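Input: a single structure, listed below in structure tokens.
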Amino acid sequence: MKKKLVVLTGAGISAESGLKTFRDADGLWEGYNVLDVATPEAWVRNPELVQRFYNERRKQVLAAQPNDAHFLLAKLEEQFDVSIVTQNIDDLHERAGSTKVTHLHGIITYAQSSQRASLVYPIKGDEIKMGELCKWGSQLRPHVVWFGEAVPMIEKAAEICAQAEIFVLIGTSLAVYPAAGLIDYVPNVAPKYIIDPKIPPVAGLSNVIKMEKSATEGMKELVGLLNN
């Protein structure tokens, strides 16, 4: 039986593929105020702007390529039962070859009904057009969890974290809830590797191994440690 290795990834791993982190310190994402493009209220107020914004982000995602950290995580499946929980809305983990990926905040290459979030469709091409409707006649929107919306995969993610025999945290500041609380579900006895150029505060956790490095450099070091 392979050991259960659970990985929680954030924007830092995608940043090394050229995708900007979700928002800068000034609250802007790619020059837009997040409240204008990433809330249900923004969608009601100006759906064309929101749609255009995510169409632009989707094109960036499709043009980006997985980096060494993504590929090294995928390769770990040869030795471990790897489950990835990601806060990222890109598909770089899947394109690198990871087979068990849970997206907490949705995935930008899919669309969903603006009225029934459970109706999800793969996007043909790189855009959702205004006038494209779900089977019940509602406008399609990005399959992305916005501020103020529930995180439907959080319970599944908590169950995955609770099964971890080894836990790895990569490229997240643990600042966004409820995702930030997932580390609290990891068993005390499990070693917890944290990879980030700026390690987030993790007071009260046991068996923590801090690796203050980029995602790619940290993953190279981790592979070496896991093989010893």
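See the values below:
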quantity	calculated
Residue-by-residue Karplus 3J(HN,Hα) for the range 125-135, coefficients 6.51, -1.76, 1.60, Hz, glycine and proline x	x, 10, 9, 9, 9, 4, x, 7, 10, 6, 5
Range in the chain, longest, excluding exposed chymotrypsin sites (Phe, Trp or Tyr not before Pro) [loop by DSSP; at most 15 other beta-carbon atoms within 10 Å]	1-135
Per-pair calculated FRET efficiency, R0 = 35 Å: Asn228 and Arg52 via Cβ, rounded to 0.05	0.10
Taking only Cα atoms of the range 125-190, radius of gyration then Dmax in Å	17.0, 52
Dipole of the chain, positive direction: furthest Cα of Asn67, Ala203, Ser173, with charges on the beta-carbon	Asn67
Accessible surface of the chain, 1.4 Å probe, proportion on carbon and sulfur as whole %	53 percent
Net +/- balance of residues flanking Ala117 in space, Cβ distance below 13 Å, scoring K and R +1, D and E -1	+1
The range 19-130, Rg to Rh (Cα coordinates; Rh as Kirkwood inverse mean 1/r)	1.00
Sites Tyr177 and Lys135, calculated FRET efficiency, Cβ-Cβ separation with R0 30 Å, nearest 0.05	0.35
Built amide H within the under 5 Å cut-off of Val145, gap 5+	Gly106
Whole-angstrom gap from the range 102-149 to the range 16-95, using each part's C-alpha centre	15 Å
Computed label-point distance, nm, for sites Ala162 and Ser206 using a 7 Å Cα→Cβ extension	1.9 nm
Accessible area of the range 71-228 divided out per residue, in Å², using a probe of 1.4 angstrom	49 Å²
Calculated FRET efficiency for the pair Lys213/Tyr185, C-beta based, R₀ 22 Å, to 0.05	0.30
Cross-link pairs Lys59/Lys135; Lys4/Lys213; Lys4/Lys192 - those with Cα-Cα distance over 18 Å	Lys59/Lys135; Lys4/Lys213
Value of relative contact order over the chain, rounded to a whole percent, pairs C-alpha under 8 Å and six or more apart	23 percent
The range 218-223 - phi-based ³J(HN,Hα) in whole Hz, Karplus 6.51/-1.76/1.60, Gly and Pro as x	x, 5, 4, 5, 4, 4
Two-decimal log10 I(q)/I(0) for the range 86-180, as the Debye equation yields it once each C-alpha is a single scatterer, q = 0.18, 0.20, 0.22, 0.23 Å⁻¹	-0.92, -1.08, -1.22, -1.28
Calculated from backbone phi, Karplus (6.51, -1.76, 1.60) coupling profile of the range 93-109 in Hz, x at Gly/Pro	4, 5, 5, 7, x, 5, 9, 10, 10, 10, 9, 5, 10, x, 9, 5, 7
Amide H contacts of Thr102 (H built 1.01 Å from N, under 5 Å, at least 5 apart or other chain)	Ile84, Val85, Thr86
Over the chain, volume per residue of the alpha carbon convex hull, in Å³	123 Å³
Restraint check, Lys156/Lys210; Lys198/Lys220; Lys2/Lys100; Lys75/Lys124; Lys2/Lys75, Cα-Cα greater than 20 Å	Lys156/Lys210; Lys75/Lys124
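The values are calculated or read from the model by the stated rules, or taken from the named source; none is laboratory data. This one's a predicted model, so the numbers in the text were calculated from it and none came from an experiment. With ideal geometry, Cβ positions are generated from the backbone for all residues, glycine too; neighbour counts draw on all protein chains shown. We work out accessible area using only protein heavy atoms, side chains counted, and drop any ligands, DNA or RNA first. Shrake-Rupley method; radii C 1.70, N 1.55, O 1.52, S 1.80 Å.
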